[in-house]
1. Quick one: is residue 56 small (Gly, Ala, Ser) and at positive phi?
2. Yes or no: the stretch 98-106 includes at least one residue that is at pLDDT 90 or above, open to solvent by 40 Å² or more (accessible area, probe 1.4 Å), more than 19 Å from residue 15 (Cα to Cα) and not small (Gly, Ala, Ser).
3. In the stretch 54-96, which residues are part of a loop (DSSP other than H, G, I, E, B), of a type in the set (Lys, Arg) and in contact with a strand residue (DSSP E or B) (Cβ under 7 Å, 6 or more places away or on another chain)?
4. Identify all residues within the stretch 57-74 that are in contact with a Leu (Cβ under 9 Å, 6 or more places away or on another chain) and surrounded by 14 or more Cβ atoms within 10 Å (Cβ to Cβ); write none if there are none.
5. Are there any pairs, at least 6 apart or on different chains, whose C-beta atoms fall under 8 Å, with the first in the stretch 10-31 and without any contact (Cβ under 8 Å) to a residue 12 or more places away in the chain and the second part of a loop (DSSP other than H, G, I, E, B) and of a type outside the set (S, T, N, Q), and if so, which?
6. Pick from 47, 31: which is farther than 23 Å from residue 131 by Cβ and in a helix (DSSP H, G or I)?
Amino acid sequence: EHGGIGHGQSLYDELINVPLVATVPGGPCGLRIDQPVSHVDLAATLLAAARIEHHGTGVNLLDPDAKPRPVVSELRIHQRFVQTLVSGKWKLHLRNRAAAEYAAKKQARQECRPIGSASDNLYELYDLRRDHQERSDLVQTPVGGTVAGNLRSELAEWQHRATAAAAAAQSEQPELELAVVERLRALGYLD
């Protein structure tokens, strides 16, 4: 829909909005969740269904009190970096310059609309309720500019929390048993 072939080209909904159908033993029948969810939510849900304690960031989707929350997606290929934040009906895309130049070249070959300005980070904003195909970028409109500013702040806050959580997790890495290290080395996972 946006000129890409295969995965790893973008974070438009045709690549990341994937339905999941599951049967959970003892779980609710016919439950439908219409808001976007994250892989971390799937992990939290599966662990809760298995009655395993979970201390991560995900939300148990089977919990009737679970509240919708923003969902972040990321794509990193070589120097290209794309990130999206879906919050309510809004979806904000962030591309670094390398990703924007790649997309612009691809779109020029296909005679599609050009992408934004030449800033280091380019943003796009879509109202997913009115424009589920992500065709009408609203970031340059008065309302869109305000919404995009709020979402950029929300995304920056998320990045700060994710970076802090990753640093904390790095410092808490458990020691691996020598036998495990040797098996991983034999399989080629460790040098």
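The values are calculated or read from the model by the stated rules, or taken from the named source; none is laboratory data. These numbers come from a predicted model, not from an experiment. Because the Cβ atoms are built from the backbone with ideal geometry, glycine has one as well, and the counts that use them run over all protein chains shown. Accessible surface is based on the protein model in full, side chains and every heavy atom, while ligands, DNA and RNA are left aside. Shrake-Rupley method; radii C 1.70, N 1.55, O 1.52, S 1.80 Å.
1. Working: small (Gly, Ala, Ser): yes; at positive phi: no.
No.
2. Narrowing the stretch 98-106 to residues at pLDDT 90 or above: none.
Looking for residues that are at pLDDT 90 or above, open to solvent by 40 Å² or more (accessible area, probe 1.4 Å), more than 19 Å from residue 15 (Cα to Cα) and not small (Gly, Ala, Ser), one finds none in the stretch 98-106, hence no.
3. Quick first cut of the stretch 54-96, residues part of a loop (DSSP other than H, G, I, E, B) only: 54-70, 78-79, 88-89.
Then keep just the ones that are of a type in the set (Lys, Arg); that gives 67, 69, 89.
Matches in the stretch 54-96: 89 only.
4. 58, 60, 61, 62, 70, 71, 72, 73
5. Cβ pairs passing all conditions: 15/4; 15/7.
6. Details: 31 fails: in a helix (DSSP H, G or I).
Matching residue, one of 47, 31: 47.
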